[in-house]
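Worksheet: the structure to be examined is printed underneath.
The values are calculated or read from the model by the stated rules, or taken from the named source; none is laboratory data. None of these values were measured; they are calculated from a predicted model. Cβ: placed from backbone, ideal geometry, glycine included. Neighbour counts: every protein chain shown.
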Amino acid sequence: MSTQTHPQTHLQTSLQASSPTGTALPALQGRDLVWGATRGGAPIVRGVSLTVRAGATVGLIGPNGSGKSSLMRLLAGVTQPQSGEVLLGGQPMQRLTRRQIAHQLALVSQMADTQDAITVQDAVELGRTPWLSALQTWSARDDAIVEQALADVGMAEKKGRVWNTLSGGERQRVHIARALAQQTSVLLLDEPGNHLDIHHQLALGQLIHRLPGTKVMAIHDLNQARHCDWLAVMQQGRLVCEGAPDDVLQADLLEQVFEVRLRVLTDPEDGARVLRFLPL
Ligand SMILES: Nc1ncnc2c1ncn2[C@@H]1O[C@H](COP(=O)(O)OP(=O)(O)OP(=O)(O)O)[C@@H](O)[C@H]1O
């Protein structure tokens with residue numbers, strides 16, 4: 001597979017471009033998205049187009065402040081682009097109701113918090129809200145889905161705990177459980193490993209990759225990003241490169257985008273490649 005670099009970037013133009021789309025309808029698509037122009041300044045998201053194939057796990061990488069979270073919020077329909085559009089399952093998002101969006105897409109955002117004195121169980125049950133109505137009231141199936149989501153993130157034993165007594169990592173796991181309970185075909189995760197200890201980071205990585213459906217996650221750990229099917233690289237509000245992880249995570253790109261020097265090591269035990277980063 002090849003990488004695709006984008007016209008705005010100074011990065012070297014890539015090999016032949018291959019579409020991440022395949023033949024199926026993309027699960028999620030951003031078209032020429034622009035957002036967040038400050039007075040007299042450049043927009044924060046600057047003409048980003050990204051196609052996410054159904055069933056793919058896409059990693060969004062880039063330095064601090066490059067616009068990953070801003071792009072995630074646009075793709076989730078939480079903020080509206082100043083120009084461009086987002087298509088969800090082929091449908092322009094602006095024509096969908098909040099409930100229709102919530103049936104298809106869940107977002108785990110960074111720094112989401114609440115002051116409400118809710119329990120872990122209450123927080124995860126919120127994930128079922130889009131599916132409830134006067135005709136569709138809470139059922140045993142909803143209980144089972146919530147229970148499974150709590151178990152998936154290892155929070156079942158703490159389901160009675162009150163939100164403000166939880167640690168940062170526990171809160172993050174509850175956010176993820178709430179999104180899992182929403183049972184959508186598209187899951188957007190903004191730095192899901194944030195606050196998690198190494199055990200829970202690995203467990204979460206395995207869980208995310210086991211989950212069916214389409215996943216887009218902003219991620220800082222480039223060794224973990226290698227497990228995605230596709231990587232998209234943000235720099236100064238632009239998507240500057242995308243492709244298969246091993247094609248994207250090359251020394252020249254890492255030097256230009258992250259200002260680090262790459263060394264690739266091999267684990268003598270299983271032959272796995274490990275990326276090591278050094279200052280330039
Ligand atoms: N609502 C806002 N108003 C003004 N500036 C904003 C707003 N949201 C984001 N920014 C700015 O836009 C830039 C991109 O922010 P964003 O959070 O999207 O980056 P990021 O790539 O997710 O960063 P990080 O890796 O640090 O989480 C940053 O300089 C940030 O300060």
Scanning the stretch 240-263 residue by residue, the ones that are more than 21 Å from the chain's Cα centre (by Cα) and part of a loop (DSSP other than H, G, I, E, B) total 2
Restricting attention to the stretch 30-54, and to residues there that are touching a residue at least 60 places away in the same chain (Cβ under 8 Å) and under 22 Å from residue 99 (Cα atoms), which single residue is nearest to the ligand (Cβ to nearest atom)? 52
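Residue by residue, here is whether (1) more than 26 Å from residue 73 (Cβ to Cβ); (2) in a strand (DSSP E or B) holds:
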| site | (1), (2) |
| --- | --- |
| 206 | yes, no |
| 231 | no, yes |
| 265 | yes, yes |
| 268 | yes, no |
Inspect the stretch 185-193 for any residue being at pLDDT 95 or above and not in a strand (DSSP E or B) and give the result as yes or no. yes
Regarding residue 55, is this residue surrounded by fewer than 20 Cβ atoms within 10 Å (Cβ to Cβ), among the small types (Gly, Ala, Ser) and under 22 Å from residue 104 (Cα atoms)? yes
Here is a check on your reading of the model: is residue 115 in a loop (DSSP other than H, G, I, E, B), farther than 29 Å from residue 50 by Cα and either out of contact with any Asp or Glu (no Cβ under 6 Å at 6 or more places or on another chain) or within 16 Å of the ligand (Cβ to nearest atom) (or both)? yes
Every residue in the stretch 128-182 that is surrounded by fewer than 17 Cβ atoms within 10 Å (Cβ to Cβ) and in a loop (DSSP other than H, G, I, E, B), please. 132, 133, 134, 135, 136, 137, 138, 139, 154, 160, 161, 167
Within the stretch 60-110, considering residues that are within 13 Å of the ligand (Cβ to nearest atom) and charged (D, E, K, R), the one surrounded by the fewest Cβ atoms within 10 Å (Cβ to Cβ): 73
Taking the stretch 31-81 and keeping residues under 21 Å from residue 253 (Cα atoms), of a type in the set (S, T, N, Q) and part of a loop (DSSP other than H, G, I, E, B) leaves 64, 66
